[in-house]
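S.K.: This is the structure I have questions about; it appears just below.
The values are calculated or read from the model by the stated rules, or taken from the named source; none is laboratory data. Note that this is a predicted model, so its numbers are computed, not measured. Please note: Cβ atoms are built from the backbone with ideal geometry, for glycine as well, and neighbour counts cover all protein chains shown. We work out accessible area using only protein heavy atoms, side chains counted, and drop any ligands, DNA or RNA first. Shrake-Rupley method; radii C 1.70, N 1.55, O 1.52, S 1.80 Å.
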Amino acid sequence: MLAQCVTILMMRDRDAAIDWVENATAGAEKEFAVSRVAVAWAATDPQAAAEFLRSKGIEGHDDEVAVVQILQFWAQRSGPEASTWAFSLPTEFLRQSGLEAVSEQWFLHDAAGYGQWLSNRETGPMYDVLVAAAGHTLQGHIPEMRQEFLKQWPAELRQRVLALTELTPR
């Protein structure tokens, strides 16, 4: 019920919702409400929502879920910005979860653009994480869909990602 109340209040008056969350709630209830404010905000401004959540501290399961949901909204608008923010997350688990969320949405929204952007990244540890996230994302799709998503990608990158999906069990 708290989630619904926060969402409704966010739709009516974001500033009032933020004020209410900061002043009228406490403890676990406050932490949950903050994460719901961020997710509701992400529907209209994912970057601001992400920074709001970061300013409150990203802790616990509710915040982890909120991070992924924010990045899903953000990736639909700007995969590069969402990826950059995902890389700045405080734990390896969150970074990986975040990058997988970005990959999934970016593939669905603009697979060719994602491949172009990824092919222009400098190789190294961050590139390897992005490629692994792309491979993990594709594992959930049948081989024909994998090929469809990757058909416009440069051959070397396509083969690298497909190799990851074939070697790793679902």
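S.K.: Quick one: in region 123-152, which of the residues that are part of a loop (DSSP other than H, G, I, E, B) and open to solvent by 90 Å² or more (accessible area, probe 1.4 Å) is nearest to residue 77 (Cα to Cα)?
M.R.: Here the residue is 152.
S.K.: I've got another one for you. Quick check on region 41-56: of everything there that is of a type in the set (Gly, Ala, Ser) and in a helix (DSSP H, G or I), which residue is nearest to residue 94 (Cα to Cα)?
M.R.: Among them, the one singled out is 50.
S.K.: Criterion first (open to solvent by 30 Å² or more (accessible area, probe 1.4 Å), in contact with a helix residue (DSSP H, G or I) (Cβ under 7 Å, 6 or more places away or on another chain) and within 24 Å of residue 113 (Cβ to Cβ)) does residue 49 satisfy it?
M.R.: Details: open to solvent by 30 Å² or more (accessible area, probe 1.4 Å): no; in contact with a helix residue (DSSP H, G or I) (Cβ under 7 Å, 6 or more places away or on another chain): yes; within 24 Å of residue 113 (Cβ to Cβ): yes.
Considered against the rule, which asks whether it is open to solvent by 30 Å² or more (accessible area, probe 1.4 Å), in contact with a helix residue (DSSP H, G or I) (Cβ under 7 Å, 6 or more places away or on another chain) and within 24 Å of residue 113 (Cβ to Cβ), residue 49 comes out as no.
S.K.: Quick one: which of 36, 77 is open to solvent by 50 Å² or more (accessible area, probe 1.4 Å) and touching a helix residue (DSSP H, G or I) at 6+ places or on another chain (Cβ under 7 Å)?
M.R.: Residue meeting the stated conditions: 77.
S.K.: Quick check: is even one residue across region 155-170 on the phi > 0 side of the Ramachandran plot and loosely packed, with under 12 Cβ neighbours inside 10 Å?
M.R.: So far as region 155-170 goes, no, none of its residues is on the phi > 0 side of the Ramachandran plot and loosely packed, with under 12 Cβ neighbours inside 10 Å.
S.K.: Across region 92-122, what is the number of residues that are over 22 Å from residue 146 (Cα atoms), in a loop (DSSP other than H, G, I, E, B) and either aliphatic (A, V, I, L, M) or in contact with a helix residue (DSSP H, G or I) (Cβ under 9 Å, 6 or more places away or on another chain) (or both)?
M.R.: 0
S.K.: If you don't mind, another one. Is there a residue in region 103-117 that is within 20 Å of residue 155 (Cβ to Cβ), of a type in the set (A, V, I, L, M), exposed (fewer than 14 other Cβ atoms within 10 Å of the Cβ) and out of contact with any strand residue (DSSP E or B) (no Cβ under 8 Å at 6 or more places or on another chain)?
M.R.: Scanning region 103-117, I find at least one residue that is within 20 Å of residue 155 (Cβ to Cβ), of a type in the set (A, V, I, L, M), exposed (fewer than 14 other Cβ atoms within 10 Å of the Cβ) and out of contact with any strand residue (DSSP E or B) (no Cβ under 8 Å at 6 or more places or on another chain), so the answer is yes.
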